[in-house]
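Here's the structure we're looking at; comments come further down.
The values are calculated or read from the model by the stated rules, or taken from the named source; none is laboratory data. Since we're looking at a predicted model, the values are computed, not measured. Heads up, the Cβs are rebuilt from the backbone with ideal geometry, glycines too, and the neighbour counts pull from every protein chain shown. Protein only, heavy atoms only, side chains kept; ligands, DNA and RNA dropped before computing areas. Shrake-Rupley method; radii C 1.70, N 1.55, O 1.52, S 1.80 Å.
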Amino acid sequence: MVDELKRRAAEGEAAASCRLAAEYLHCSHLPSRRAAMDRWLAQQHRTLGLVDAQVDKQMISQRIDREMTLRQEGVDRIASHCKGVAVPDAAGMVKLWRRSALAGNPAAMKQYSSGNAFRWSNTMETLPELATYKQEGERIATVASQRGDFDMLLALAAGYMTSNDGSRPLIAQLLKPDGARSLALYRHIDAALVRAGNSQERVGREVRDRIESLELTLSREELVRADAITRTELNRWNAPTIRGVHALDASGRQRDIDRDWCGR
């Protein structure tokens with residue numbers, strides 16, 4: 001698969017660049033999955049050593065064996081899938097995500113503009129790419145939102161919100177606080193959830209809480225500007241496509257995209 005994806009990506013196919021980056025990301029998890037399994041197994045053996053009753057030891061040992069089999073199967077699937085694949089360095093992976101995002105692939109636009117293309121553990125290796133992201137991230141996130149990416153709408157609304165919730169996603173760190181724009185976006189999100197019949201989900205309740213907070217704290221001028229943003233901008237955006245609503249929340253934090261999303 002890798003050689004074919006490389007060829008298609010080099011020819012400018014956005015979905016191929018996205019899938020190649022997603023496959024590399026999938027394969028990059030193998031060392032950490034193996035390390036996590038080793039830690040888990042060591043912890044289980046320590047627990048077993050604290051048990052006195054022979055019957056209890058036997059039951060726990062059988063449970064450990066069953067769980068270990070399942071975990072090993074998961075690791076083996078990744079190892080088999082990624083056998084012989086040379087994963088590029090962190091900067092190379094970010095460049096693949098960016099190439100696909102700039103070419104308009106929706107999944108790559110989400111992964112790159114949300115900041116998920118970057119990893120805290122590789123920050124120093126990707127400083128030049130972070131500088132580029134600082135210049136491009138907001139624009140790409142906005143385009144994705146205009147096209148109906150519901151997840152990116154949440155990320156933008158949360159990122160523009162003037163309050164600081166502590167640990168912030170990367171996209172929230174590059175956005176300048178703008179309460180009026182945050183309010184307009186959250187109202188846009190709330191309307192989409194109502195139309196889809198999802199307004200009572202957790203994300204819907206959290207969005208309404210944030211709308212209420214912004215409406216209580218923003219000045220009259222900012223409230224007027226929020227209305228203007230809705231009339232002049234958001235009313236022209238595509239209707240959001242809502243997927244996986246049960247796993248979403250108003251903070252805008254996102255998990256990595258699934259590899260299959262690159263072909264949507």
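Quick check on residue 13: is it acidic (Asp, Glu), surrounded by 14 or more Cβ atoms within 10 Å (Cβ to Cβ) and within 22 Å of residue 261 (Cα to Cα)? The answer is yes for residue 13.
So that you can scan it fast, the table gives a plain yes or no per residue for (1) open to solvent by 40 Å² or more (accessible area, probe 1.4 Å); (2) over 15 Å from the mean Cα position of the chain (by Cα); (3) at pLDDT 95 or above; (4) of a type outside the set (D, E, K, R):
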residue	(1), (2), (3), (4)
224	yes, yes, yes, yes
227	yes, yes, yes, no
234	no, yes, yes, yes
237	no, yes, yes, yes
247	yes, no, no, yes
251	no, no, no, yes
254	no, no, no, yes
258	yes, no, no, no
261	yes, no, no, yes
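Scanning region 229-251 for residues that are part of a loop (DSSP other than H, G, I, E, B) and either without any contact (Cβ under 8 Å) to a residue 24 or more places away in the chain or not small (Gly, Ala, Ser) (or both) yields 233, 237, 238, 240, 242, 243, 244, 248, 249. Of all residue pairs spaced 6 or more apart or on separate chains, those with beta-carbon atoms under 6 Å, a first member in region 144-171 that is modelled with pLDDT of 95 or more and a second member that is among the aromatic types (Phe, Trp, Tyr) are 146/237; 157/186.
The criterion of at least 1 residues that are touching a residue at least 12 places away in the same chain (Cβ under 8 Å), out of contact with any Asp or Glu (no Cβ under 7 Å at 6 or more places or on another chain) and closer than 28 Å to residue 154 by Cβ is met, among helices (runs of 4 or more DSSP H) falling completely within region 38-135, by 90-102, 106-113.
For (1) open to solvent by 70 Å² or more (accessible area, probe 1.4 Å); (2) in contact with a Gly (Cβ under 8 Å, 6 or more places away or on another chain); (3) closer than 21 Å to residue 259 by Cα; (4) at pLDDT below 95, each residue gets a yes or a no:
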{"site": "22", "(1), (2), (3), (4)": "no, no, yes, no"}
{"site": "36", "(1), (2), (3), (4)": "no, no, no, yes"}
{"site": "45", "(1), (2), (3), (4)": "yes, no, no, yes"}
{"site": "48", "(1), (2), (3), (4)": "no, no, no, yes"}
{"site": "64", "(1), (2), (3), (4)": "no, no, no, yes"}
{"site": "83", "(1), (2), (3), (4)": "yes, no, yes, yes"}
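The lone criterion from (1) open to solvent by less than 50 Å² (accessible area, probe 1.4 Å); (2) more than 32 Å from the chain's Cα centre (by Cα); (3) not aliphatic (A, V, I, L, M) left unmet by residue 57 is number (1). Taking region 1-10 as the range and being within 20 Å of residue 77 (Cβ to Cβ) and open to solvent by 30 Å² or more (accessible area, probe 1.4 Å) as the test, the residues that pass are 1, 2. Residue count for region 203-228 under the criterion of being in contact with a Leu (Cβ under 8 Å, 6 or more places away or on another chain) and outside any loop (DSSP other than H, G, I, E, B): the result is 9.
Among the criteria (1) among the aliphatic types (A, V, I, L, M); (2) touching a Ser or Thr at 6+ places or on another chain (Cβ under 7 Å); (3) not in a helix (DSSP H, G or I), the one residue 152 does not fulfil is (3).
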